[in-house]
Amino acid sequence: MPDRKPLIAGNWKMFKTIDEALITTQQLQKQVGHIKTVDIMIAPPFTAISLVAPFIKDTSIGLSGQNMHWEKEGAYTGEISADMLVNAGCQYVILGHSERRQYFNETDEHINKKVHAALNGGLKPVLCVGETESERDSNKTFSVLDKQIEIGLQGVAIDHVDNVIIAYEPVWAIGTGKTATDEQAQDVHAYLRKRLNDIFKNSAASSIRILYGGSVKPNNIKGLMAMPDIDGALVGGASLDADQFSAIVQYE
Ligand code: 13P
């Protein structure tokens with residue numbers, strides 16, 4: 001089995017002023033900055049990224065944007081590019097989060113352009129996929145994921161595969177306290193792994209980390225991480241609190 005180093009990622013969404021972000025980052029640096037067995041990533045709001053960066057330099061904690069535009073630069077008011085994120089200190093970028101799909105009309109085609117721009121710009125994209133409750137109830141989970149993953153990753157070259165990260169976030173589990181069971185999540189992760197192998201026609205796909213997201217907390221992370229195809233977590237609410245996020249990072 002390929003060695004997939006676990007990644008525990010915190011998506012801060014639209015929370016925290018610069019001062020609040022600095023406090024949480026410094027707490028995390030003290031609590032988990034030394035950990036070597038797990039990759040850690042936080043995604044603060046854009047305004048805080050470059051200011052928290054010096055506090056986690058040379059630690060295990062990496063930095064991510066929560067979104068970006070696919071163009072390198074230009075007249076796109078309100079947008080930010082891969083180069084800008086790299087320059088601010090990021091190694092990762094979250095793309096296609098269900099909140100961006102739902103509230104900002106992002107399509108799989110937009111997200112695919114962003115995936116390419118991120119990889120070409122030297123960022124690791126965390127491509128988010130997931131079904132809504134009504135899609136699950138009408139047995140459309142796998143067809144929805146097929147479309148999201150096929151279009152989202154269209155044209156990605158095999159030599160970029162190691163930098164691709166997938167996050168499975170069932171929309172019905174986000175911010176609701178309703179987590180998928182360990183087995184429900186594992187079933188979908190195994191399915192996604194198989195689809196990745198089909199897409200890349202190469203066992204290199206088995207090195208892609210697939211994170212689970214949706215109401216991950218200190219009390220449910222261990223069971224999720226025990227599943228063979230769950231390689232980490234994308235944490236929302238619980239990542240805003242350094243103690244809770246540190247407990248999730250130290251799930252073992
Ligand atoms: P919650 O952990 O708050 O459910 O959010 C999950 C999420 O959307 C992470 O990107």
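Ignoring ligands, DNA and RNA, what percent of the 1.4 Å accessible area of the chain is carbon and sulfur?
Using a 1.4 Å probe with all protein chains present, the chain comes out at 51 percent carbon and sulfur.
Please go through the residue pairs 36/114; 140/178; 13/57; 13/222; 114/147 and name each one whose alpha carbons sit more than 28 Å apart in this structure.
On the way: 36/114 30 Å; 140/178 19 Å; 13/57 22 Å; 13/222 24 Å; 114/147 16 Å.
Long pairs (Cα-Cα over 28 Å): 36/114.
Lys and Arg at +1, Asp and Glu at -1: add these up for the other residues within a Cβ distance under 13 Å of residue 245 and post the number. Walk me through the numbers before you get to the answer.
Details: positive: 16, 30, 217; negative: 241, 243.
For residues surrounding residue 245, the net value is +1.
Show that you can apply the helix-only estimate: for the chain, add -39,500 (n - 2.57) for every DSSP H stretch of four or more residues, divide by all residues, and state [θ] at 222 nm to the nearest 500. The partial results should precede the final answer.
On the way: 10 runs with 101 residues, N = 252.
My calculation for the chain gives -12000 deg cm²/dmol from helical runs alone.
Roll a 1.4 Å probe over the protein chains and send me the accessible area per residue for the chain in Å².
Working: 11390 Å² over 252 residues.
Per residue, the chain has 45 Å² of solvent-accessible surface.
Pulled fully out, how much extra length does the chain show between residue 87 and residue 3, if you take 0.36 nm times their separation in residues and subtract their Cα-Cα distance?
Additional length available on full extension: 27.3 nm.
Considering only the other residues whose Cβ falls under 15 Å of the Cβ of residue 107, what net charge follows from Lys and Arg at +1 and Asp and Glu at -1?
Combined, the nearby Lys, Arg, Asp and Glu give 0.
Using the basic label-point model (7 angstrom from Cα toward the beta carbon), what is the residue 203 to residue 72 distance in nanometres?
3.9
Once you wrap a convex hull around the alpha carbon atoms of the chain, what is its projected area averaged over all directions, in nm²? Working shown, then result.
Working: hull surface 49.7 nm².
Value for the chain: 12.4 nm².
So for the chain, averaging the separation of alpha carbon pairs under 8 Å that are six or more residues apart and normalising by length, what relative contact order in percent results? The partial results should precede the final answer.
Numbers: 487 pairs, mean separation 51.8, N = 252.
Relative contact order here is 21 percent.
Give me the number: length gained by fully extending residue 102 to residue 147, i.e. 0.36 nm times residue separation minus the C-alpha to C-alpha distance, one decimal in nm.
Using 0.36 nm per residue and subtracting the Cα-Cα distance, I get 14.6 nm.
Tell me the net charge near residue 47. Cut-off is 15 Å between Cβ atoms, residue 47 excluded, with +1 for each Lys or Arg and -1 for each Asp or Glu.
That sum, taken over residues with Cβ under 15 Å, equals -1.
Once you have the Cα-Cα distance between residue 222 and residue 163, take 0.36 nm times their residue separation minus that, and quote the gain in nm to one decimal.
18.7 nm
Give me the three principal axis extents of region 31-72 from the C-alpha atoms, as integers in angstrom, largest value leading.
Result, largest extent first: 35, 20, 15 Å.
Rank these residues by their accessible area, most exposed first, probe 1.4 Å: 70, 12. The partial results should precede the final answer.
Values: 70 70, 12 0 Å².
Highest to lowest solvent-accessible surface, that is 70, 12.
Hey, how many Å between the Cα centroid of region 1-76 and the Cα centroid of region 97-126?
18
Give me the Å³ per residue figure for the convex hull around the C-alpha atoms of region 1-102.
124
How do 123, 22 rank by accessible surface area computed with a 1.4 Å probe, from largest to smallest?
On the way: 123 5, 22 35 Å².
Ranking 123, 22 by accessible area, largest first, yields 22, 123.
Sort 80, 230 by accessible area with a 1.4 Å probe, largest first.
Solvent-accessible surface, decreasing: 80, 230.
Using a 10 angstrom cutoff on alpha carbons, build the Gaussian network for the chain and name the most mobile of 125, 54, 44.
In this elastic network of the chain, the residue with the biggest mean-square fluctuation among 125, 54, 44 is 54.
Picking from 97, 189, 160, which is most flexible by a Gaussian network model of the chain using Cα springs under 10 Å?
With Cα springs under 10 Å in the chain, the top fluctuation among 97, 189, 160 is at 160.
The values are calculated or read from the model by the stated rules, or taken from the named source; none is laboratory data. No experiment lies behind these values; they were computed from the predicted model shown. All Cβ positions, glycine included, derive from the backbone under ideal geometry; neighbour counts span all protein chains shown. We work out accessible area using only protein heavy atoms, side chains counted, and drop any ligands, DNA or RNA first. Shrake-Rupley method; radii C 1.70, N 1.55, O 1.52, S 1.80 Å.
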